1. Scan G58, G110 and give me the residue that is modelled with pLDDT under 95, touching a Phe, Trp or Tyr at 6+ places or on another chain (Cβ under 7 Å), of a type outside the set (D, E, K, R) and surrounded by fewer than 21 Cβ atoms within 10 Å (Cβ to Cβ).
2. Among the helices (runs of 4 or more DSSP H) lying completely within the range 192-278, list those that include at least 1 residues that are of a type in the set (K, R).
3. Can you tell me which residue within the range 33-52, out of those that are assigned to a loop (DSSP other than H, G, I, E, B) and in contact with a strand residue (DSSP E or B) (Cβ under 7 Å, 6 or more places away or on another chain), is farthest from L76 (Cα to Cα)?
4. Of the numbered conditions (1) touching a helix residue (DSSP H, G or I) at 6+ places or on another chain (Cβ under 7 Å); (2) part of a loop (DSSP other than H, G, I, E, B), G309 fails exactly one; give the number of that condition.
5. Evaluate the following for T150: is it β-branched (V, I, T) and either at positive phi or open to solvent by 10 Å² or more (accessible area, probe 1.4 Å) (or both)?
6. So, in the range 30-55, exactly how many residues are closer than 22 Å to R330 by Cα and open to solvent by less than 60 Å² (accessible area, probe 1.4 Å)?
7. For the range 118-140, does any single residue satisfy the condition of being small (G, A, S), within 20 Å of L72 (Cβ to Cβ) and buried (at least 20 other Cβ atoms within 10 Å of the Cβ)?
Amino acid sequence: MTQPPATEAAPRRADAPAPHPAPALEAALELAPGRPPVLHVDAPVAAPALADWAAEHGPALESVLLRHGAVLVRGLGVRDAAALGRLAEPFTGPTVPEREAFARRRPLGGPVFSSLEWPPDQPMCMHHELSYALEFPRLLAIGCFTPPATGGVTGLADARQILADLPAEITERFTREGWELTRSYNSVVGVGWQEAFGTEDRAEAEAYCEANGIAYEWQPDGSLRTRQRRSAVIGHPLTGDRVWFNQIAFLSEWTMEPAIRDYLVRQLGPEGLAFNTRHGDGTPLAPETVATVNEVYEAATLREPWQAGDVLLVDNIRMAHSREPFTGPREVGMVLGAPVRLADCPPAHS
C-alpha cells in the first residue's frame with residue numbers, strides 16, 4: 001500500500017465541518033505560545049443550564065477543535081461529575097465503553113469516569129485514549145473538580161506536529177509496519193483481564209479478542225497474555241490530516257523508571273511485563289527510539305495549570321495528552337465521546 005510522505009497532510013474531506021469558528025468565539029480565545037487556547041466565560045453557568053450552553057456553543061467549539069485541536073473553557077464552574085456529564089453529553093454524544101484499560105478508572109456517575117489511577121509521583125507520558133483499540137473516542141471532555149497543590153498539568157501535543165518533527169527513519173518504519181502492543185494481565189501491575197474485558201468468563205474474553213484482532217494465550221497460572229498490531233499513523237476522520245496516533249512510547253518498557261523496570265523484569269520476566277511495545281513486525285524497540293519520541297513530545301507540549309471548574313475539550317485524534325506528577329488531592333473527571341472506528345481513519349494495520 002503506497003503511503004504519502006510522513007509530513008504530507010491528506011486532502012480535507014469535502015464533508016468536514018468548516019475549520020474556522022464563529023468570529024466572536026475565535027476573538028474571545030486567549031492564545032499564547034506554549035499554552036492551549038483558553039476560552040474565558042464571563043460568569044458560571046448553573047448546573048441545570050450546562051446542557052443548553054453546550055448545545056448552543058457546540059458547533060463553534062467543534063470548529064475551534066478542528067482549528068486548534070483543544071480548548072480550555074474557564075469560568076463555567078463545572079465542579080463535579082454531574083455538572084461535567086450535563087455539559088459533555090450534548091457535545092460529545094455517545095460514549096465509548098471502557099475496554100482494554102491498562103489502569104483503573106473509577107465511575108463517577110453517568111458518562112463520567114475518573115482519570116486513570118496512576119502514581120502521583122510518576123508522569124503519564126503523552127498518549128491518545130484507547131489508541132490501541134479498534135474503537136476509540138474522537139472527543140474528550142476533561143473537568144477539574146479539585147486542582148492539585150502542585151503540578152498535575154494535563155499537557156497537550158499536536159499529533160500532526162509530532163509526525164512532522166520525528167526523524168523520517170522512525171516515522172517511515174512505523175507507517176509501513178505499524179506497532180505492536182503486548183500485554184500480560186497479572187495481579188502485580190495494572191488491571192486483571194476480568195476488569196479489562198468486563199467479564200469473568202474466559203469464553204467472552206476470547207470472543208472479544210477474536211473480534212478485535214487480538215492474539216491471546218492463557219498461562220498455566222490462569223493469567224492472560226495478548227498481542228495486537230495497530231497503525232501508528234492514521235488519517236483524521238474529519239480533516240484527513242495524517243497524525244502520529246499510538247502509545248508506542250507511553251507503554252514501552254523504556255519509558256519506565258529504570259529501577260522500576262529492573263524490579264518488574266526480575267519479578268515477572270521480560271515477557272511478563274504488564275504492557276510493552278514493539279515494532280509492527282515484532283522487533284523490540286531500541287531505547288533510543290523511545291527516548292526520541294518522548295523528546296519530540298516534550299518539545300511540542302502545551303501546558304496550562306488547572307483551576308477548579310475548568311473544562312478541557314480535546315480532539316483525541318489530533319492531540320495527545322499527558323499528566324505530570326503532582327502533590328495534594330487532584331480530582332479530575334473525563335468523558336470519552338464520539339466513538340470512531342480505526343477502519344474509518346485510513347489505517348494500514350488492524
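1. G58
2. Hits in the range 192-278: 202-211, 258-268.
3. Initial filter on the range 33-52 (assigned to a loop (DSSP other than H, G, I, E, B)): 33-37, 41-46.
Still in the list and also in contact with a strand residue (DSSP E or B) (Cβ under 7 Å, 6 or more places away or on another chain): 34-37, 41.
Details: G34: 23, R35: 19, P36: 17, P37: 16, V41: 6 Å.
This residue is G34.
4. Tallying (1) touching a helix residue (DSSP H, G or I) at 6+ places or on another chain (Cβ under 7 Å); (2) part of a loop (DSSP other than H, G, I, E, B), G309 fails exactly one: (1).
5. In short, yes.
6. 3
7. No, that holds for no residue.
The rows are residues; the columns are (1) within 22 Å of M124 (Cβ to Cβ); (2) in contact (Cβ under 8 Å) with a residue 40 or more places away in the chain; (3) among the acidic types (D, E).
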residue: E169; (1), (2), (3): no, no, yes
residue: S184; (1), (2), (3): yes, yes, no
residue: E195; (1), (2), (3): yes, yes, yes
residue: D201; (1), (2), (3): no, no, yes
residue: N212; (1), (2), (3): no, yes, no
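The values are calculated or read from the model by the stated rules, or taken from the named source; none is laboratory data. Just so we're clear, the structure is a prediction, and the values are computed from it rather than from any experiment. When we count neighbours, we look across all protein chains shown, and the Cβ atoms used for this are built from the backbone with ideal geometry, even at glycine. Only protein heavy atoms, including side chains, enter the accessible area calculation; ligands, DNA and RNA are left aside. Shrake-Rupley method; radii C 1.70, N 1.55, O 1.52, S 1.80 Å.
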